[in-house]
Amino acid sequence: MRRKLEKFVDPLPNLQPLKPDKKTGDGVHYEITMKQFKRKLHRDLPATTLWGYNGQFPGPMIEANRDEPVHVAWLNQLPNKHLLPVDVSIHGLEQLPIVRTVVHLHGIETKADSDGHPEAWYTNNFQETGPVFSRETFTYPNHQRGSLLWYHDHAMGITRLNVYAGLAGMYILRDEHEKSLNLPAGDYEIPLMITDRSLNADGSLFYPSQPDDAAKNLPNPSILPAYNGDTIIVNGKAWPFLEVEPRKYRFRILNASNTRSYQLQLDSNINFQQIGSDGGLLRHPVEIEKIGFQPAERIDVIIDFSKAAGQSILLKNDLGPDADPNDDTGDIMQFRVTKSLKNKDRSHLPQNLSVIPSLKQNDISGIRYLKLVGSADEFDRPLLLLNNKHWHDPITENPQLGTTEIWAFTNTTNFSHPIHIHLVQFQVLEHQPFDLEQYNQDGKIIFTGPPEAPAANHRGWKDTIEVPAATITRVIAKFAPYSGEFVWHCHILEHEDYDMMRPYMVADDDKNNTKF
Ligand code: C2O
Ligand code: CU
Ligand code: CU
């Protein structure tokens, strides 16, 4: 079905910040429209029909400044037929219009009614709206530290398909402290959105309508338990190349893939200097050879090409020793150190990047034990749950506004889940392994080792963290500054859609906690 594509033949598209429509006393205003469009993803392929914000994939990059609010009217002008096979057997989706969207800005601290609640969806021109829909324009206050955020679709039960169709983009929030550090900037700061897709020979997107081993009685289409595309696409081009100068560059990297996680590595003796994680700068740079990279995570790295003039360097996805030779996803993109140095590199990589107070100093109001569990539905399809609850069950997590809690994610499945909490940036306390076989026999958690500190590059602010199989991963968060209903979920989009997502309520006892 697919044709073998030559790698490193398309230049990396350079993402430019979107110009605001207007600036007023209350912030910066944009209107962004979701549309169907066509775009070439590779030199040798016909154009691919995609869905994108402003007809772009990735969507237009928004550049925001700390404390300057951004208002976006996210308009839907998509056709009423979906590009991809929609399984309506889950969540009672057959009742709903097929094409519906709602935008979530991942990592932002905003009020619940601008957060993109999965049931705040709407159709083309707001003709139909979901039960939680309340506004057409979302506001992002940006009262948080500089970081790379990203926006993507979040509509209930079809997020995996809407995002796969192209509904994802980057949002860079800048602050004065970061500017004062003199990190590589301008042409030397490059956003990279890494995704995977499968493409048919005619260029069209391929997403299976059923699992490979589908039993006969399965609905058709039927949701997949996971999906990895066979083609790596960076900033909208398959396996691109980038010509660079022999100097330091800063890369702001996002894993926007549905399911795929990566082990980023350079095929040279250059290491990454990781300077930031999901929620902004780390305390100190972390020199690192391989970076584990789960869906929705962001990393901020410096790569120093100054000793590599003339070389070609691959950004690899280290798949490990048993990688299949026909699998091309071990390559991501290529850097060619072919440009001559324009000016002396005066950028700086300071040892002290930022101050991060430890949340462990706060009063801790409680620990929630939250189990990631596998079960099966009536068709015997895998059904992944959080605490054995479905999306539609009543809210069980309801921290009080302003309090600090520990959430202990207990992964009783045999694979990792990248868990994400809306509204907050959290800190990872530890991962503690337990005996999964024992647990499967009698439901008892017997630890097989002491708690392990998170990896050095996970010791900053995070909003998404890998919870490895057979571990309890403990994170600590302060639930502020807004009350209301948010969600937490696994960011493997096939899991989030079925059914690893739960609403949660930041309760404000001084107010009535009505849903919006
Ligand atoms: Cu990026 Cu609720 O997700
Ligand atoms: Cu989010
Ligand atoms: Cu998952």
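The values are calculated or read from the model by the stated rules, or taken from the named source; none is laboratory data. Note that the structure is predicted; figures quoted are calculated from it, not measured. Every residue, glycine as well, gets a Cβ built from its backbone with ideal geometry; the counts of neighbours run over all protein chains shown. All accessible areas refer to the heavy atoms of the entire protein, side chains included, with ligands and DNA or RNA removed. Shrake-Rupley method; radii C 1.70, N 1.55, O 1.52, S 1.80 Å.
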Given a 1.4 Å probe, how much area per residue of region 220-306 is accessible, in Å²?
25 Å²
Plugging the Cβ-Cβ distance of Asp318 and Ser204 into 1/(1 + (r/R0)^6) at R0 = 22 Å yields, to the nearest 0.05, a FRET efficiency of 0.15
Could you state the number of Å between the C-alpha centres of region 441-510 and region 189-220?
27 Å
Quick one: check the C-alpha center-to-center distance for region 123-168 versus region 67-120, whole angstrom.
5 Å
Region 2-102: which GluC sites (Glu not before Pro) are DSSP loop and have at most 12 other beta-carbon atoms within 10 angstrom?
Glu6
Ignoring everything except DSSP H segments at least 4 long, calculate the 222 nm mean residue ellipticity for the chain; use -39,500 (n - 2.57) per segment, divide by total residues, nearest 500.
-1000 deg cm²/dmol
Would you please report the Å³ per residue occupied by the convex hull of the alpha carbon atoms in region 1-88?
156 Å³
Per principal axis, descending, Cα span of the chain in whole Å:
60, 56, 55
Here the FRET efficiency for Lys342 versus Ile446, based on Cβ atoms and R0 = 41 Å and rounded to 0.05, is 0.10
How much length is gained if the chain between Asn125 and Lys307 is pulled fully straight, taking 0.36 nm per residue apart and subtracting their Cα-Cα distance, in nm to one decimal?
60.2 nm
Can you tell me the relative contact order of the chain? Whole percent, Cα pairs under 8 Å, sequence separation 6 or more.
14 percent
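Once Rh is set to the Kirkwood radius over Cα pairs, what Stokes-Einstein translational diffusion coefficient, in µm²/s, holds for region 217-293 at a temperature of 4 °C and a viscosity of 1.567 mPa s?
83 µm²/s
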Kirkwood-based Rg to Rh ratio, region 416-516, C-alpha trace
1.03
Given 37 °C and 0.692 mPa s, how large is the Stokes-Einstein diffusion coefficient of region 13-151 in µm²/s, with Rh as the Kirkwood radius over Cα pairs?
199 µm²/s
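Using the structure shown, select from Lys7/Lys248; Lys23/Lys462; Lys23/Lys81 the pairs with a Cα to Cα distance greater than 27 angstrom. Intermediate results must be reported in sequence, preceding the final value.
Values: Lys7/Lys248 25 Å; Lys23/Lys462 31 Å; Lys23/Lys81 36 Å.
Long pairs (Cα-Cα over 27 Å): Lys23/Lys462; Lys23/Lys81.
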Take the alpha carbon atoms of region 240-287, find their center, do the same for region 308-379, and report the distance between the two centers in whole angstrom.
6 Å
If you keep only loop residues by DSSP, which trypsin sites (Lys or Arg not before Pro) in region 391-489 have at most 10 other Cβ atoms within 10 Å of their Cβ?
Lys444
Taking each pair of different alpha-carbon atoms in region 374-438 once, compute 1/r for the pair, average those values, and report the inverse of that mean as the Kirkwood hydrodynamic radius in Å to one decimal.
14.7 Å
Scattering from the C-alpha atoms of region 403-467 alone, worked out with Debye: what is log10 I(q)/I(0) at q = 0.11, 0.17, 0.20, 0.25 1/Å?
-0.30, -0.68, -0.89, -1.19
For the residue pair Asn414 and Asn387, what label-to-label distance in nm results when each label sits 7 Å from Cα along the Cα-to-beta-carbon direction?
2.8 nm
7 Å from Cα along Cα→Cβ at both Lys38 and Ala185: what's the point-to-point distance in nm?
4.2 nm
Mean accessible area per residue over region 58-110 (1.4 angstrom probe, all protein chains present, square angstrom) is 33 Å²
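Would you work out what percent of the accessible area of the chain, with all protein chains in place, is carbon or sulfur (probe 1.4 Å)?
47 percent
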Using only alpha-carbon positions, what ratio does the radius of gyration of region 65-110 give when scaled by 2.2 N^0.38 Å?
1.63
Label-point separation, Gln95 to Ile364 (7 Å along Cα→Cβ), nm
4.0 nm
What percent of all Cα-Cα pairs in region 128-235 falls into each 5 Å bin, going from 0 up to the bin containing the maximum distance?
2, 8, 13, 16, 15, 13, 13, 9, 6, 3, 1, 1, 0
